[in-house]
Amino acid sequence: MSEGAPTYDLGKLHGGLRLPAEKQASTSRPILIAPVPAQLVLPLVQHVGQAAEPVVGIGERVLRGQLVADTHGSLGAPVHASSSGRVAAVEPWPVARRHGQTAPCIVIECDGLDQAIDTTEILVDYRELDPVSLRQKILQGGIVGLGGAVFPTAQKLMQAATLPLEYLILNGVECEPYISCDDMLMREYAADVVGGAQVLMHALELPKCLVVVESDKPAAIAALAHALGDIQDPRVTLKQVPTIYPSGGEDQLVQLVTNREVPSGGLPSDVGCVVQNVGTAAAVQNWIARGEPLISRVTTVTGDGVASPLNVLVRLGTTVAEIVALAGGYTERAQQLVIGGPMTGKSVTTDLVPVVKATNCVLVLSELPAVGDERPCIRCGECAEVCPVQLLPQQIYWHARADNERKLREFGLTDCIECGCCDLVCPSHIPLTADFRRAKARMRELADEKARARRARERFEHRNQRLQDERDKRDSELAARKDAARNAGPDAIAEILDRARHRGESDKDEDS
Amino acid sequence: MWTAVVTIASISLAAGLLLAWARSRLPENDDAVADRVNDLLPQTQCGQCGFAGCRPYANAIVAGSAEIDRCPPGGYDTIRRLAELLGREPRPLAVPGSTTMSHSVAIIDEALCIGCLHCRDICPVDAIVGAQRCMHTVISSECTGCELCLPACPVDCIDMVTRA
């Protein structure tokens, strides 16, 4: 089947770069199953959306797979204990995130027994569930997009379900250098990937599924072809795409394999596609078929700063230090620790950060990032040449520096996928992507402020209206009473006088 | 000579009619301008400008009775945008005051609150809820950080904290 898989025309994808893959080092050994650590650190935010709400108390004993923090708000994912033990604390802990150094985490002291919760009640045949309840069930598994975006999978499905859909695309492209966790997962857990694809297709009632792998992963393609041969599902097709960065970007992949362009500001579901990472599919299968929520993942530990690079199947909440130790520890040349790949990763200053749902790679490099050799833009246009979204980074750069929100919108900053291609080719070494990230954050902030101001204005106007209404009502009541008194005839006055006299007499009676 | 007089008179008449027509047709009355001025103001409703909220200040700016330099929470950015809209010269902020209101929200120390209603009644955006002799609380998503409740509290149980 793999021989027949067509390779796509690169002309469909604008720009991009052919980068040295650097993946051999970590793919030469099978996936190592990491031991249960002594302590687990589980951040409440490991996904896009609102933080999960802890549902366990300090000192409480928890089992593997037990819910420890539940979804809170309209967008989010629950968090489960990765092993059994006692909840030691809910406290801030260093994490690898774009904003802020620490985040609230549930800390669990493991007891080493690794006792799992009873799954007999959870397990049902997914084919007996209707798509809506299957999507609800996926939500409870705490599954998020494992390709790096960590968008809650169930909510992605729920959003997509409202639109007419055609394709489920399983993303096994993994185009960023160094990272090989998806490659290894496809090689060793191909059956889970394919099984997950079937579950996802059922959850969205999709007629077709494309499993897309980059052409430089022949072993993964062979394993998938074998797994597909086992299930004999004519709806699922295996596809190859050429090795070019960033063909694994969601919108880029849709364009490559379906030749449909995702509209600006839109989602793949707008053109009838739902893209899921292969790791996500395997996690869905693990949850639906075995009742195990997302409590572990495959992570690549690599770079020239670790002794023996490899992939590990690690419990979420294990610290990076522990999995680096599994890779033989740091070498003398280790200089920089990056969580994620070299293009989109985040540099961190401590290896005490936990492995979370998003951690696809731990990269230890022997070089520090070049700082301070930024030079003025010479308008060469290289960045526009490589931009996969066909933006004009050099123009956006000026407007970002000038904080010109209108121009930034006009030039499509919101469509930037932060792939980092422009940084890499810039002869002036301008950190364009970092600038764009900042500018995007600023735009979001401004939009928030605007929305808040609009609400405040409405509330202020409502309050003024209410106060005015109250005043008007009081005035009109007063006026009505005055009117009544003025129009009262002599009888009414006599009656009032009479009443007053009687009151006077009764007072006297009481006195005596 | 008469030709010249008649020509000039008819041109004036035509121009006058045109102007009158334009005035009636174009929507830019003071109210519409005040709306646009109000849109540029931060809607903190803090009253530091000396008016009872952003809309009254916007009206005053349009009426010409207030300068554009009296909004501390808006800061220089707001002054610049107002100047652009109204064709006036930007100028430095004339009112000393808190410029970081939009980043903070009020929080009531619920253990100390005596339920006096003073803060609830003064809040310009109805962001405080509570009843007589019952604990009050701030709806932090609606709080504009205007600080008007701080002096109103007789037991000083309200603090300003950074918006989450």
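The values are calculated or read from the model by the stated rules, or taken from the named source; none is laboratory data. As the structure is a computational prediction, the values presented were derived from the model and not from experiment. Cβ coordinates were reconstructed from backbone atoms using ideal geometry, including for glycine residues, and neighbour counts include every protein chain displayed.
Among the residues of the range A:345-396, count how many are closer than 29 Å to A:LEU408 by Cβ, in a loop (DSSP other than H, G, I, E, B) and not aliphatic (A, V, I, L, M).
So the count comes out to 14.
From the list A:ALA488, A:ALA492, A:ALA439, A:ALA451, which residue is within 14 Å of chain B (Cβ to nearest Cβ) and among the aliphatic types (A, V, I, L, M)?
Criteria check complete, one pass: A:ALA451.
For the range A:225-340, which helices (runs of 4 or more DSSP H) that fit wholly inside it have 3 or more residues that are closer than 20 Å to A:LYS12 by Cα?
Passing ranges, in order: A:250-258.
Please count how many residues of the range B:93-132 are under 19 Å from A:ARG452 (Cβ atoms), more than 14 Å from chain A (Cβ to nearest Cβ) and part of a strand (DSSP E or B).
Count: 1.
Just the residues that are in a loop (DSSP other than H, G, I, E, B) and buried (at least 17 other Cβ atoms within 10 Å of the Cβ), please, taken from the range A:122-148.
Passing the criteria: A:ILE122, A:LEU129, A:GLY141, A:GLY142, A:ILE143, A:GLY145, A:LEU146, A:GLY147, A:GLY148.
Would you pick out the residues in the range A:482-498 that are of a type outside the set (Asp, Glu), surrounded by 10 or more Cβ atoms within 10 Å (Cβ to Cβ) and part of a helix (DSSP H, G or I)?
Within the range A:482-498, A:LYS482, A:ALA484, A:ALA485, A:ALA492, A:ILE493, A:ALA494, A:ILE496, A:LEU497 qualify.
Scan the range B:119-129 and give yes if some residue there is touching a Ser or Thr at 6+ places or on another chain (Cβ under 9 Å) and surrounded by fewer than 19 Cβ atoms within 10 Å (Cβ to Cβ), otherwise no.
Checked the range B:119-129: at least one residue is touching a Ser or Thr at 6+ places or on another chain (Cβ under 9 Å) and surrounded by fewer than 19 Cβ atoms within 10 Å (Cβ to Cβ).
Scanning for something out of contact with any helix residue (DSSP H, G or I) (no Cβ under 8 Å at 6 or more places or on another chain), at pLDDT 90 or above and farther than 30 Å from A:SER308 by Cβ, does the range A:183-205 turn up at least one residue?
Yes; the residues of the range A:183-205 include at least one that is out of contact with any helix residue (DSSP H, G or I) (no Cβ under 8 Å at 6 or more places or on another chain), at pLDDT 90 or above and farther than 30 Å from A:SER308 by Cβ.
One line per residue, one yes/no per condition, for (1) surrounded by fewer than 23 Cβ atoms within 10 Å (Cβ to Cβ); (2) assigned by TED's automatic domain parsing to the domain that holds A:VAL194:
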site: A:GLY266; (1), (2): yes, yes
site: A:GLN276; (1), (2): no, yes
site: A:THR280; (1), (2): no, yes
site: A:LEU310; (1), (2): no, no
site: A:GLY317; (1), (2): no, no
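Quick check, is B:ASP69 away from chain A (no Cβ under 14 Å), among the charged types (D, E, K, R) and in contact with a helix residue (DSSP H, G or I) (Cβ under 9 Å, 6 or more places away or on another chain)?
Considered against the rule, which asks whether it is away from chain A (no Cβ under 14 Å), among the charged types (D, E, K, R) and in contact with a helix residue (DSSP H, G or I) (Cβ under 9 Å, 6 or more places away or on another chain), B:ASP69 comes out as yes.
Criterion first (at pLDDT below 90 and on the phi > 0 side of the Ramachandran plot) does A:GLY372 satisfy it?
yes
Cβ-Cβ below 7 Å, separation at least six or inter-chain, first residue in the range A:346-368 and closer than 23 Å to A:ALA77 by Cα, second aromatic (Phe, Trp, Tyr): which pairs?
From residues that are closer than 23 Å to A:ALA77 by Cα, the pairs are A:CYS361/A:TYR178.
Does any residue in the range B:15-40 that is in contact (Cβ under 8 Å) with a residue 40 or more places away in the chain come within less than 8 Å, Cβ to Cβ, of a residue that is of a type in the set (S, T, N, Q) six or more places away or on a different chain, and which pairs are these?
B:LEU40/B:THR78
Find the residue count for the range A:439-449, including only residues that are of a type in the set (Lys, Arg) and modelled with pLDDT of 90 or more.
Of the residues in the range A:439-449, 1 are of a type in the set (Lys, Arg) and modelled with pLDDT of 90 or more.
Residue check: is B:ALA34 hydrophobic (A, V, I, L, M, F, W, C) and within 14 Å of chain A (Cβ to nearest Cβ)?
Yes.
Which pairs have Cβ atoms under 7 Å, sit 6 or more apart or on different chains, and link a residue in the range A:456-479 that is within 14 Å of chain B (Cβ to nearest Cβ) to one that is among the β-branched types (Val, Ile, Thr)?
Once the first residue is within 14 Å of chain B (Cβ to nearest Cβ) and sits in the range A:456-479, its partners that are among the β-branched types (Val, Ile, Thr) give A:ALA456/B:VAL125; A:ALA456/B:THR144; A:ARG459/B:VAL125; A:PHE460/B:VAL125; A:ARG463/B:VAL125.
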